[in-house]
Amino acid sequence: MVEKDYIMRFIQTLFDALNKIKNSIDKGDINGAKQQLTTAYGMFGKDEAYFIATSLKEVITELKTKDGDYLKRLLVLSKLLFLHAQIEENITHKKVILEKTQTLMNHYQENTTEFSFELARDLATVNTQLENL
């Protein structure tokens, strides 16, 4: 029970970090958003370079080895990558991040019984942004 509470708190902390990043982006505080992104990636035990350079198959496998609902962590990671793509200036990196975001979001939708209008909207945004690159 204590372990389950810890995992739920961890996921809630990640969602709180996502909200802070989104708020920073909305306020135009890109440097603040970048700092918060670094912190959020660190909560997964890796830096942002790992998630950009590592194959998604490896990332998903690693998420599955951790205790708790890997799909929730995968969802948070996909949203983290989505926010990262919104402030990424390098077009090549932005494309890689958006493609990974798209794959993770699709993986989540294919493997969950939940439906999220927010996720569907974000995925549509990702698809549009990829088409426009």
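Nothing in this text is a laboratory measurement; each read-out follows from the coordinates by a stated rule. Since the model is a prediction, treat every value here as computed from it, not as a measurement. Cβ sites come from the backbone with ideal geometry, for glycine too, and all protein chains shown count toward neighbours.
Quick look at the values:
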item: Length released on extending from T61 to E110, taking residue separation times 0.36 nm less the Cα-Cα span; result: 16.0 nm
item: Part-to-part distance (alpha-carbon centres) for segment 77-102 and segment 25-69, which is given in Å; result: 11
item: Residues of segment 61-93 with amide N under 13 Å of a point placed 7 Å along Cα→Cβ from E118; result: 75-80, 83
item: Cα-Cα P(r), the chain, percent of pairs per 10 Å interval; result: 12, 45, 37, 6, 0
item: Linear extension gain, M43 paired with N31, 0.36 nm per residue minus alpha-carbon span; result: 2.4 nm
item: Too-long pairs where the Cα-Cα distance tops 21 Å, listed order kept, from K34/K57; K22/K79; K27/K79; K57/K79; K22/K72; result: K34/K57
item: For the chain: relative contact order, % (alpha-carbon pairs under 8 angstrom, 6 or more apart); result: 22
